[in-house]
Amino acid sequence: MRQKIVHIIPRLDYFGGIENFIINLLFQSIQSKYQIKLLTFYSENNQKIITELSKYSIEIFPLKKALFENINSKYVRFVLKNFFISYYDKYNSLKSRLHEIDPDLVFSHGEDSEIISSFLFNSYRIVNVIHGAEFFPLNPILRLYLENISRKKFYHTVLVSNVLKNKVPVNRKYSIINCGIDLKKFEIRNNISNFFTEKEIRFGFIGRLEKHKGIYNLIDAFIELKRNYSNVILEIVGSGKDEKIVKAKVPKELCNDIIFRGQIEDITLFYKNIQVLIICSESEGGPLVLLEAMASGVLVITNKVGLVPEIIEDRINGRLIFSNTPAEIFKTMKETIEELELNNNMIKKAKDVVQHYSSKRLASEFDLLASKIISQNQL
């Protein structure tokens, strides 16, 4: 009988850092020697992914909704969702499911999963996977617990980038397993020699519409850019709590030049339509969009977050933003427009570099880690 590995995840979706990481891992783990099972905290998951995973006998177990998640008012939910009773409710649901499955190893993804699963560290070998340095719930008590107690309980820790070593507390046993993507999926542009000779230059942004992602700075930078160049377009993919505020920042005369696409299930269609991707977040674990753009033949402008310092060399295989301000973003976008030949050279080199970040390699490293931990448990 094959041994069982459980992944505890926030949700199943095509959109979002942790979600994409998990999907890339799962679709490369289909031939794994282990039984893969998923526990997800939210019932609103992408049915297409669920159907695809079910074909490969990957079981998905939705956990019980926490008490306050049934409240219709999003404002009341926001206030109450971090209350102790809500986490206790989720804990009981998780405990019941794990008892039913009896896994040989558990991987926990995301801060909520870490907090709740940490109470079960005596019952199971649990590996917490840390995807980013920021903590999204605002409750300071939970943050204190996560950083000073919870993360010290796990049997092993996985970091998705080297930069996280200096930003999050980890126990003595940890591994660094960098993100990976399905490279074949993003082989969407073979001819890049005339890439920047098109009539319009389209910049793109992918992420939550929140201040943390740098969207305000990007909008300000693009407005200034548009004053200098008439043939530039900014396309934005994503949604978030600041969506109305962000859209209100766009002058009426630029409504046709700053385009909001919402959430796109097939992100390859977006990469086909842009020449440059801009990443201006304050912090990231990956980000996966960096790898996707590089593989797609899209030039990346980015600040030094997550994997960026390990992958991007300025003006060699991408362009770096050295201070995350509207003025610096504008300057880098302007240089991109004026240095077309250099852009094409950078894109070619980026496509070579990204070959080292495949989802096949990602799954292999997780499989090796699982084998090592399970074999230790059997001694």
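Hey, what's the per residue convex hull volume over the C-alpha atoms of region 208-286, in cubic angstrom? Please report the intermediate quantities before stating the final value.
Numbers: hull volume 8.2 nm³, N = 79.
Spread over its residues, the Cα hull of region 208-286 gives 104 Å³ apiece.
As a length-normalised measure over Cα pairs under 8 Å and 6 or more apart, the relative contact order of region 280-323 settles at 39 percent. Could you work out the relative contact order of the chain, using alpha carbon pairs under 8 angstrom and six or more residues apart, expressed as a whole percent? RCO, the chain: 16 percent. Working note: Cα gyration tensor of the chain, eigenvalues times five, square-rooted, sorted largest first, giving semi-axes of 37, 24, 18 Å. The Cβ shell under 15 Å around Ile316 holds other residues with a net charge of -1, Lys and Arg each +1, Asp and Glu each -1. The residue among Ile329, Val246, Ile301 whose Cα reaches farthest toward the positive pole of the charge dipole of region 183-356, with charges on the beta-carbon of Lys, Arg, Asp and Glu, is Val246. Counting 0.36 nm for each residue step from Ser96 to Ile188 and taking away their Cα separation leaves a gain of 28.7 nm. Quick check: net charge around Ser108, other residues with Cβ under 12 Å of its Cβ, Lys/Arg +1 and Asp/Glu -1? Neighbour charge sum, excluding Ser108 itself: 0. Evaluating 6.51 cos²θ - 1.76 cosθ + 1.60 at θ = phi - 60° for every residue in region 349-354, the Karplus couplings come out as 5, 5, 5, 6, 5, 5 Hz, glycine and proline recorded as x. With contacts taken as Cα pairs under 8 Å and at least 6 residues apart, region 183-356 reaches a relative contact order of 26 percent.
Using the average count of surrounding beta-carbon atoms within 10 Å as a protection proxy, the listed peptides 112-125, 141-154, 282-295 rank, highest first, as 282-295, 112-125, 141-154. When you count the other C-beta atoms within 10 angstrom of each residue and take the mean per peptide, 236-242, 99-105 line up highest first as 236-242, 99-105.
How do 357-369, 296-308 rank on mean C-beta neighbours within 10 Å, highest first? Present the calculation step by step, with values, prior to reporting the outcome.
Numbers: 357-369: 18.8, 296-308: 24.0.
Packing order, densest peptide first, comes out as 296-308, 357-369.
With one equal scatterer per alpha carbon and no solvent term, the Debye-computed log10 I(q)/I(0) for region 183-356 at 0.14 1/Å reads -0.67. Compared with the alpha-carbon gap, the fully stretched path from Glu338 to Gln3 is longer by 115.0 nm at 0.36 nm per residue.
FRET efficiency for Cys255 and Lys153, Cβ-Cβ distance as r, R0 = 35 Å, nearest 0.05? Please report the intermediate quantities before stating the final value.
Details: r = 51 Å, r/R0 = 1.45.
Taking R0 as 35 Å, the efficiency between Cys255 and Lys153 is 0.10.
Just so you know, all these numbers are worked out from the coordinates, no wet-lab data involved. Remember, it's a predicted structure, so these values are computed and weren't measured experimentally. Positions of Cβ are backbone-derived with ideal geometry, glycine not excepted, and every protein chain shown enters the neighbour counts.
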